[in-house]
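Accompanying notes for the structure given below.
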Amino acid sequence: MLAFSTAFKSDCDKLAQNMRQAEIDEVMTSGAESPYEAVKASFDVSVISDVILNDGKLVGMFGIVPKNYLASRCLVWMLTTNEIENVNVKAFIKASRYWINKTLGIYPLLYNWVDSRHIKSIKWLKLCGAYIDFENPIKCGKDEVAFYYFELKRG
């Protein structure tokens, strides 16, 4: 059964030690020194950060990072472990949509960039109703990997 709870700094290490390879590739390409540094940096700047658990096992962590407390736009992030593969897809999409809609009640626009190689994340974003700009990628890392801007909007 899926559950969400407040993330703690100790969760950063647990997540980094079990992070999916696609997520490791994404954070390293985007300039992180290590998976742990990517998780901790995201956690440290988030105003809300939660963990996702499946039958008590860590599935992932996500959070939101507004530019300021009056912002209408808010950066959203999520990193997962291999445990995500054991989660019921329909339940995960339903829970994701719930959390996204709840957050859109506070911030009318959520955004970030997704690694073009991360096909599962792109599919998940589409199922959650995200607009993904495939036409104007930014290039990251020494291999100039394409990252696509995405956004989720209220209403």
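The values are calculated or read from the model by the stated rules, or taken from the named source; none is laboratory data. Bear in mind that the values here come from a model prediction, so they are computed numbers and not experimental data. Don't worry about glycine lacking a Cβ; one is built from the backbone with ideal geometry, like all the others, and counts go over all protein chains shown. Note: areas computed on protein heavy atoms with side chains; ligands, DNA, RNA excluded. Shrake-Rupley method; radii C 1.70, N 1.55, O 1.52, S 1.80 Å.
A few remarks follow.
- Residues within region 67-96 that are of a type in the set (Lys, Arg) and touching a strand residue (DSSP E or B) at 6+ places or on another chain (Cβ under 8 Å), tallied: 2
- Selection over region 32-81 of residues that are of a type in the set (Lys, Arg) and closer than 23 Å to Gln17 by Cβ gives a count of 2.
- Counting the residues of region 12-47 that are aliphatic (A, V, I, L, M), touching a residue at least 24 places away in the same chain (Cβ under 8 Å) and open to solvent by 30 Å² or more (accessible area, probe 1.4 Å) gives 2.
- With respect to the stated conditions, Ser72 is open to solvent by 30 Å² or more (accessible area, probe 1.4 Å), touching a residue at least 24 places away in the same chain (Cβ under 8 Å) and polar (S, T, N, Q).
- Condition broken by Met61, with the remaining ones in (1) open to solvent by less than 30 Å² (accessible area, probe 1.4 Å); (2) out of contact with any helix residue (DSSP H, G or I) (no Cβ under 7 Å at 6 or more places or on another chain); (3) under 22 Å from Phe150 (Cα atoms); (4) touching a residue at least 40 places away in the same chain (Cβ under 8 Å) satisfied: (2)
- Annotation for region 135-145: at least one member residue is in contact with a Lys or Arg (Cβ under 9 Å, 6 or more places away or on another chain), touching a residue at least 24 places away in the same chain (Cβ under 8 Å) and either open to solvent by 40 Å² or more (accessible area, probe 1.4 Å) or not basic (Lys, Arg) (or both).
- Members of region 61-118 that are part of a strand (DSSP E or B) and more than 29 Å from Asn136 (Cβ to Cβ): Thr81
- Exactly one residue among Asn88, Asn112 is open to solvent by 50 Å² or more (accessible area, probe 1.4 Å) and of a type in the set (S, T, N, Q), and that residue is Asn88.
- A single entry from Ile48, Ile52 fulfils the requirement of being among the β-branched types (Val, Ile, Thr) and under 18 Å from Leu75 (Cα atoms): Ile48.
- Condition broken by Lys153, with the remaining ones in (1) touching a strand residue (DSSP E or B) at 6+ places or on another chain (Cβ under 6 Å); (2) open to solvent by less than 90 Å² (accessible area, probe 1.4 Å) satisfied: (2)
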